[in-house]
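Here the structure is laid out as structure tokens; the discussion comes afterwards.
Derivation of every value follows stated rules applied to the coordinates shown; laboratory data play no part. Being a predicted model, the structure only gives us computed values, none of them experimental. Every residue, glycine as well, gets a Cβ built from its backbone with ideal geometry; the counts of neighbours run over all protein chains shown.
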Amino acid sequence: MGLLVNKRDIRATAAMLPAFEILMNIKNYLFIKRCLDIGVSALMIAGVLSWLLPLLALLIKLDSRGPLFFLQKRSGKGGKLFTCYKLRTMVVNRLADEAPASENDPRITRMGKILRKTHLDELPQLFNVLLGSMSLVGPRPYMMSDDRKFSMIVSNHYFRCLVKPGITGLAQVKGLHGVWPDERTVVDRHRWDAFYIRHVCLLMDLRIIRQTFLLIFTKKRPI
């Protein structure tokens, strides 16, 4: 005796298959991405930060007074606030959470200039990645004051909160990093972040990581 199957159920199931496949692909991608985040961050912390961080700590302390780390609340996935870790590059000041540092900002210390130029100040964010509040690749998290300003420039600014923020991102390897000189830069950053979110895949993440290293060591933006 054969099974009686309603044709409507067959059509409904067939219509669900592409959505199911997309969902499974995303779940697989997120699982692999998290494994990559944990593996790379753990190796970097154990193999590099274990000896480099004490050295940088000594140089920072000899250069200026203040804490080793600069801790700042930023928006993560789903708009959830998290503490972002960075090495301190400025003298302690009350405007640190409101006014981003400019290129020749007098608040930046001598050691801070070196750290910013080499991007070594971002290394502590590997702890954020290991803890799960950030990823190696994703839209860069903004300070809260910039988040509010950018949300008034770009209507769907918080679209970026659909994914975890990253140490590096597509906008950064396209040359859009550091201070924002005008509203056009803010819009361009958002467009690249939105493109990344809509087309996330492991291959794109690996390419962004590769291009980030090229950008740091050659100072030339890959095409």
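List every residue whose amide H lies under 5 Å from the amide H of Cys84, counting only residues 5 or more places away in sequence or on a different chain, with H placed 1.01 Å from N in the peptide plane.
Amide H neighbours of Cys84, under 5 Å, 5+ apart: Gln72, Lys73, Arg74.
For Rg and Dmax of the Cα atoms in Å, the listed values are [x] 36.2, 113; [y] 20.9, 85; [z] 31.3, 112; which was obtained by calculation from the structure presented?
It is the value labelled [y].
By counting other Cβ atoms within 10 Å of each Cβ, how are His199, His157 ranked from fewest to most?
Working: His199 9, His157 20.
Listed from fewest to most nearby Cβ atoms, that is His199, His157.
Can you give me the distance in nm between label points at His119 and Tyr158, each placed 7 Å from the Cα along the Cα-to-Cβ direction?
Once both label points are built, they end up 2.9 nm from each other.
Which of Lys77/Lys113; Lys61/Lys174; Lys113/Lys174 have a Cα-Cα distance over 27 Å?
Lys77/Lys113; Lys61/Lys174
If you rank Thr109, Thr218 by fewest surrounding Cβ atoms within 10 Å, what's the result? List each step's numbers first, then the result.
Values: Thr109 19, Thr218 9.
In increasing order of surrounding Cβ atoms, one gets Thr218, Thr109.
Using a/c under 1.5 as the rounded threshold, could you call the stretch 40-137 rounded, prolate or oblate? The axes a ≥ b ≥ c are square roots of the C-alpha gyration tensor eigenvalues, and prolate needs a/b larger than b/c, oblate otherwise.
Here the stretch 40-137 falls in the oblate category.
Taking R0 as 30 Å, what's the FRET efficiency between Glu183 and Asn25 from their Cβ-Cβ distance, rounded to 0.05?
Taking R0 as 30 Å, the efficiency between Glu183 and Asn25 is 0.25.
Give me the dipole magnitude in Debye, nearest 20, for the stretch 34-217 about the Cα centre, with unit charges on the beta carbon: positive for Lys and Arg, negative for Asp and Glu. Don't jump to the answer; show the numbers that get you there.
Working: 27 positive and 15 negative charges, 30 e Å.
With only Lys, Arg, Asp and Glu charged at Cβ, the dipole is about 140 debye.
Among Pro100, Ile60, Leu162, which residue has its Cα positioned farthest towards the positive end of the charge dipole of the chain, with +1 placed on the Cβ of Lys and Arg, -1 on the Cβ of Asp and Glu, and the dipole taken about the Cα centre?
Selected residue: Leu162.
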